[in-house]
Ligand SMILES: Nc1ncnc2c1ncn2[C@@H]1O[C@H](COP(=O)(O)OP(=O)(O)OP(=O)(O)O)[C@@H](O)[C@H]1O
């Protein structure tokens, strides 16, 4: 898919970047325990793109995602989310940036004491712009979109893994965020449920025009991405190399699937 573009006054078409990272470094710990987790990350993600971030365990994927989501404070370089600079941002600015993103985590993170509908309503609570009945209606509609119209009053314990993850998707997308950040959304799911979940995310993202950045180890879902980027030891591997690595991951998956089917 081509990135969504904007037309300027002089009719030059330029892609509109919603995530812009320049020379980003990140460190954990202090003094002798200080350890660099991200090295000079440069990345630009356009509106409407579905980007998969993959790479070995410990390569820095979650760290990068959590900085983008305002769950950690970025330290050095530049990180702009929807044109808001997060390096050196005040707490209020970081909170605002956090609200503009939807999140989907590996462990769905649903509240066990709330029904599916109430969990999805939580996705609207931080926005404050809706009455309770509006939130209820939006949540019910969104649960219908993800195929759970009959399960709105179920508690997480009474839903399957795939259904729980669909509730989490509904919660992330109900506010129509411009950016969705997903960390291993299929890790806890079997092959069919994992596939269903990412195809649903892909469909909703296209319908809502939102951008998805998804961290995954799951080679089975790489084909939903418009672009795959690869990290290793805290470095972003350049685009051409990422394409080659993604190609080999696809091939391995094809072999694995064939073997499994035999
Ligand atoms: N809170 C933390 N304190 C100290 N070091 C951390 C912390 N979080 C992550 N790290 C280190 O930063 C590096 C990158 O970790 P990160 O979790 O971002 O990798 P990842 O690619 O997401 O791994 P995985 O695929 O296993 O989730 C690792 O060396 C990790 O040990």
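No value in this document is a laboratory result; all are computed from the given coordinates. Here the structure is a predicted model, which is why all the values come from computation and not from measurement. Neighbour counts are summed over all protein chains in view; Cβ atoms, including those assigned to glycine, are modelled from backbone coordinates with ideal geometry.
Report the paramagnetic label zone for residue 111: residues of region 124-154 whose backbone N is under 20 Å from a point 7 Å from Cα along the Cα-to-Cβ axis.
Hits in region 124-154 for residue 111 at 20 Å: 124-144, 151-154.
Neighbouring Cβ atoms within 10 Å as the yardstick, rank 171, 135 fewest first.
Ranked by crowding around the Cβ, least crowded first: 135, 171.
Using 7 Å Cα-to-Cβ label points, what is the residue 235/residue 40 separation (nm, one decimal)?
So the label points at residue 235 and residue 40 sit 0.9 nm apart.
Looking at the square roots a ≥ b ≥ c of the eigenvalues of the Cα gyration tensor of region 160-237, which shape do they give, rounded for a/c under 1.5, prolate if a/b is larger than b/c, or oblate?
It is oblate, given that a/c is not under 1.5 and a/b is not larger than b/c.
Can you work out the FRET efficiency for the pair residue 158 and residue 78, with r the C-beta to C-beta distance and R0 = 35 Å, to the nearest 0.05?
For R0 = 35 Å, the calculated efficiency reads 0.15.
Is region 88-244 rounded, prolate or oblate when judged by the Cα gyration tensor, a ≥ b ≥ c being the square roots of its eigenvalues, rounded requiring a/c under 1.5 and prolate requiring a/b larger than b/c? Walk me through the intermediate numbers first.
Values: a/c = 2.04, a/b = 1.35, b/c = 1.52.
Because a/c hits 1.5 or more and a/b fails to exceed b/c, region 88-244 counts as oblate.
So how do 218, 233 line up by other beta-carbon neighbours within 10 Å, fewest first?
Ordered by Cβ neighbours within 10 Å, fewest first: 233, 218.
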